[in-house]
Amino acid sequence: MTSDISQITDLSTYKTAGLNLSATYWSPANVGDTKRLLFMEIKSIQHPNEETAEAKELPTAVFVDPATKEVIHQASARLVAIFQREKTPPMTPVQITYQGKVKNSTNQFSSDAWEVYYLTQSAK
């Protein structure tokens, strides 16, 4: 690899290609917030706790927004579970709508609720 690097002398002639690798964490603000994204994968990612700043590794859904070329992360357990259960293949177009908080039956906390649809290209 060192020899490959020595061959590149002027990066000013290069252009950016592909995606912005600085992922954005999607935290919907309002019920009904919707995104149309490409599902990429589920992977474990370190997320800081906003209150304690302690990092915790969580299974995270990774998407690409084709309109902005941004990588989007979302680690809601319910959303991740949908994609795990359905075994959604990479590059699948989806529409995700935030449905708000719902109370858990197993504890005193609430969880985010989501509506997820696969997208298909309409006939012209």
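The values are calculated or read from the model by the stated rules, or taken from the named source; none is laboratory data. Values in this document were obtained by computation on a predicted structure and should not be read as measured data. Please note: Cβ atoms are built from the backbone with ideal geometry, for glycine as well, and neighbour counts cover all protein chains shown. Please note that ligands, DNA and RNA were not included when accessible areas were found on the heavy atoms of the full protein model with its side chains. Shrake-Rupley method; radii C 1.70, N 1.55, O 1.52, S 1.80 Å.
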Measuring from its Cα centre, the chain shows a charge dipole (+1 at each Lys and Arg Cβ, -1 at each Asp and Glu Cβ) which, in debye to the nearest 20, is 500
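Suppose all protein chains stay in the model; what accessible area per residue would a 1.4 Å probe give for the range 27-115, in Å²? Don't skip to the end; give the middle numbers.
Numbers: 5490 Å² over 89 residues.
Roughly 62 Å² per residue, with all protein chains present.
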Under a plain spin-label model, where a point goes 7 Å from the Cα along Cα-to-Cβ, how far apart in nm are residue 77 and residue 51? 1.5
What distance in nm lies between label points placed 7 Å from Cα along the C-beta direction at residue 67 and residue 44? 3.5
In whole percent, and with a 1.4 Å probe on the protein chains, what portion of the accessible area of the chain is carbon and sulfur? 53
For the chain, what size does the Cα cloud have along each of its three principal axes, sorted from largest down, in whole Å? 61, 51, 26
Between 0 and 90°, nearest 10: helix 77-86 axis offset from the chain longest Cα axis: 80
Please list 16, 24 in order of solvent-accessible area, largest first, computed with a 1.4 Å probe with all protein chains present. 16, 24
How much net charge surrounds residue 18 when only the other residues with a Cβ under 14 Å from the Cβ of residue 18 are counted, with Lys and Arg +1 and Asp and Glu -1? 0
Relative contact order for the range 1-99, counting Cα pairs under 8 Å that sit 6 or more residues apart, in percent: 35
For 10, 4, 65, write out the residues from largest to smallest accessible area, computed with a 1.4 angstrom probe and no ligands counted. 4, 10, 65
Accessible-area value, residue 85, 1.4 Å probe, nucleic acids and ligands omitted, Å²: 150
Taking the square root of 5λ for each eigenvalue of the C-alpha gyration tensor of the range 1-53, the equivalent ellipsoid has semi-axes, largest first and in whole angstrom, of 36, 18, 12
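List the pairs from 15/124; 56/103; 43/101 whose alpha-carbon separation is above 30 Å, in the order I gave them.
On the way: 15/124 34 Å; 56/103 23 Å; 43/101 24 Å.
Where the Cα-Cα span goes over 30 Å, the pairs concerned are 15/124.
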